[in-house]
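**Student:** So that we are looking at the same thing, I have put the structure below in structure tokens.
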Amino acid sequence: MPWKSKKEARWGNSPSGLKALGGKAKVAEWNSSTDFKTLPETTTGIQKQKVKPMAENKKKNWIAGAIKHKGSLRAAAARSGKSTRAFASEHKHDSGITGKRSRLAETLMAMHK
């Protein structure tokens, strides 16, 4: 089966492509059946998944789904002796759960204004 584009051929000859396609013999078969002179850089005309309008993509109650453990950020702030707002602003750049909770808290606090 020939390659459909130069981009696809580059992937197929890469280590991950060799592994996915079953080795050098299979890739050599694809290379031999491809006319590289007329091969486009990328494939065009591939049907893309239809995108729904923004209103349909948004969930109605996204906040309820975003909060997994209610009060956990407030409890962490209380343990450190700070207000929730001060704790969230201090930890908003952290990686992990605390950072995620802090960024969400700052977003939700800004919604009240």
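**Student:** So how do 24-33, 2-11 stack up, highest first, on mean other-Cβ count within 10 Å? Write down the numbers at each step before the final one.
**Tutor:** Working: 24-33: 12.9, 2-11: 15.8.
Descending mean neighbour count gives 2-11, 24-33.
**Student:** Continuing with the same structure: Sequence neighbours fewer than 8 away in the same chain don't count; with that in mind, list the aspartates and glutamates whose C-alpha is under 19 Å from LYS26.
**Tutor:** Straight-distance partners of LYS26: GLU8, ASP35.
**Student:** What list of ³J(HN,Hα) values in whole Hz, one per residue of the stretch 88-95 in order, does the Karplus curve 6.51 cos²θ - 1.76 cosθ + 1.60 (θ = phi - 60°) give from phi, with Gly and Pro shown as x?
**Tutor:** 5, 5, 6, 10, 5, 9, 5, 8
**Student:** Let me ask you something else. Starting from the Cα of LYS70, draw a straight line to each of the aspartates and glutamates and keep only those under 17 Å, dropping any in the same chain fewer than 8 residues away.
**Tutor:** Cross-link targets: GLU106.
**Student:** Moving on to the next point. Please list the equivalent ellipsoid semi-axes of the stretch 1-43, computed as the square roots of five times the alpha-carbon gyration tensor eigenvalues, in descending order and whole angstrom. Mind showing how you got there, number by number?
**Tutor:** Values: eigenvalues 58, 26, 8 Å².
Here the semi-axes work out to 17, 11, 6 Å.
**Student:** Using the eigenvalues of the Cα gyration tensor, what equivalent ellipsoid semi-axes result for the stretch 60-111 when each is taken as the square root of five times the eigenvalue, whole Å, largest first? Walk me through the intermediate numbers first.
**Tutor:** Details: eigenvalues 63, 26, 23 Å².
Semi-axes from the Cα gyration tensor: 18, 11, 11 Å.
Just so you know, all these numbers are worked out from the coordinates, no wet-lab data involved. Here the structure is a predicted model, which means the values were calculated and not measured. All Cβ positions, glycine included, derive from the backbone under ideal geometry; neighbour counts span all protein chains shown.
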